[in-house]
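A.B. asks: I'd like to ask some things about the structure below.
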Amino acid sequence: MRGYAAVSVLAFHACMLSWEMIAGGMAPVVVFFVLSGFLLSRSLDRDPDPVTFVRHRLFRLLPAAIATVLLLTLAYQSFGFYVGFLPSFDPLNVVLNALLIKSDINGVMWSLTVECVAVPVILISHALLKCHGTTPVWILVAFLFAIAFWGPYVHLLGGFTNLAPLYAFLVGLLLQSGGTALSGAAQSSRANYVAIAALVVMVIVAVRKQTAVTIAFETLCASVLVCLAAFGPRKLVALRPFDVEIARFYGRVSYSFYLLHMIGLVIAARLLPFDQQPVIRATILFLAALLITTPAAWLMWRFIEVPFIELGRRRMVTRTA
């Protein structure tokens, strides 16, 4: 699912560079958020220590983000290359971007800022879940959904950052906590039809203007798909495309792919002429950026993500006499 989400973000942005679009690829990001909430809940079930959890998150998110910001800084200083609107490459702004506090150097990193905000929210929600059950977490979801209609909250962190889908992390967490109950429903004979309906609705709302309502539908559809993938029949026909090896490959490198795909798109756009029909141009941009981004994403995954994830999992052992 992560693989398809990452590649579909590239497709959205290729279309945005080819003609005016009201959709900007929010739906795949919502899928990422629901998946993250689901998987991070499993991680906390195994080890609820908040210090360990935060350390894992830092080693998971920061190294590749720092590498991307430094790469763009070097590219700008050497070749005048930048992504989107010309940002400030002053040292302080570079540091703020590298730490995911700002995201004007690589605009797509706004979702990582939201993920950083989600870390304490997930920790608190998981603690509430274990002590008081699902009710307080659902109340928090309802509250975050309600204020997703309020502009000052949505744009509280400035720039491209959008807090409206923050509650999607908690929905993923609740899915994981309800595994036993959900597994029965997911085994229904109609599971294939439910999965297809979720995919169709996801596509319909994904290409519309992104509002609190469309984000809610995207969260619902992503939740259905995650639930069926986790608890449904192993041979569910509608979800077989998620099991092909190429999808698994892009799932593994999806974080680095997401970070680097706009660089690939801008390089492809600069190499291509501007006189094609919009649909043809978007298709060529997508394929060219895919070819550029894929090997770069694999290299970052292999030599930055994997080593730092392993480093973050090591425990510091102190010996006393």
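The values are calculated or read from the model by the stated rules, or taken from the named source; none is laboratory data. The structure displayed is predicted, hence computed values, not measured ones. Heads up, the Cβs are rebuilt from the backbone with ideal geometry, glycines too, and the neighbour counts pull from every protein chain shown.
A.B. asks: Looking at region 2-16 only, could you name the residues that are within 23 Å of residue 39 (Cβ to Cβ) and of a type outside the set (D, E, K, R)?
C.D. replies: If the condition is that a residue be within 23 Å of residue 39 (Cβ to Cβ) and of a type outside the set (D, E, K, R), then 3, 4, 5, 6, 7, 8, 9, 10 are the ones that fit.
A.B. asks: Among the numbered conditions (1) small (Gly, Ala, Ser); (2) within 25 Å of residue 44 (Cα to Cα); (3) modelled with pLDDT of 95 or more, tell me where residue 146 comes up short.
C.D. replies: Result: residue 146 passes all but (2).
A.B. asks: Taking residue 12, is it part of a helix (DSSP H, G or I) and at pLDDT below 95?
C.D. replies: So residue 12 passes the test.
A.B. asks: Another question, if that's okay. Check region 156-168 and report whether any residue there is among the small types (Gly, Ala, Ser), surrounded by fewer than 21 Cβ atoms within 10 Å (Cβ to Cβ), within 22 Å of residue 9 (Cβ to Cβ) and in contact (Cβ under 8 Å) with a residue 60 or more places away in the chain.
C.D. replies: The answer is no; no qualifying residue exists.
A.B. asks: Is region 24-35 home to any residue that is surrounded by fewer than 19 Cβ atoms within 10 Å (Cβ to Cβ), assigned to a helix (DSSP H, G or I) and on the phi < 0 side of the Ramachandran plot?
C.D. replies: Scanning region 24-35 turns up no residue that is surrounded by fewer than 19 Cβ atoms within 10 Å (Cβ to Cβ), assigned to a helix (DSSP H, G or I) and on the phi < 0 side of the Ramachandran plot.
A.B. asks: How many residues are over 26 Å from residue 309 (Cα atoms) and surrounded by 18 or more Cβ atoms within 10 Å (Cβ to Cβ) if we restrict to region 228-260?
C.D. replies: Of the residues in that region, 6 qualify.
A.B. asks: Of all the residues that make up region 88-115, how many are assigned to a loop (DSSP other than H, G, I, E, B) and of a type outside the set (A, V, I, L, M)?
C.D. replies: 7
Matching residues to (1) in a helix (DSSP H, G or I); (2) without any contact (Cβ under 8 Å) to a residue 40 or more places away in the chain; (3) within 26 Å of residue 10 (Cβ to Cβ):
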site: 65; (1), (2), (3): yes, no, yes
site: 86; (1), (2), (3): no, yes, yes
site: 117; (1), (2), (3): yes, no, yes
site: 120; (1), (2), (3): yes, yes, no
site: 125; (1), (2), (3): yes, no, no
site: 128; (1), (2), (3): yes, yes, no
site: 136; (1), (2), (3): yes, yes, no
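This table checks each residue for (1) at pLDDT 95 or above; (2) farther than 25 Å from residue 105 by Cα; (3) small (Gly, Ala, Ser).
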{"position": "224", "(1), (2), (3)": "no, yes, no"}
{"position": "238", "(1), (2), (3)": "no, yes, yes"}
{"position": "241", "(1), (2), (3)": "no, yes, no"}
{"position": "244", "(1), (2), (3)": "no, yes, no"}
{"position": "249", "(1), (2), (3)": "yes, yes, no"}
{"position": "261", "(1), (2), (3)": "yes, no, no"}
{"position": "276", "(1), (2), (3)": "no, yes, no"}
{"position": "280", "(1), (2), (3)": "no, yes, no"}
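A.B. asks: Within region 271-281, can one find any residue that is buried (at least 17 other Cβ atoms within 10 Å of the Cβ) and either in contact (Cβ under 8 Å) with a residue 24 or more places away in the chain or at negative phi (or both)?
C.D. replies: yes
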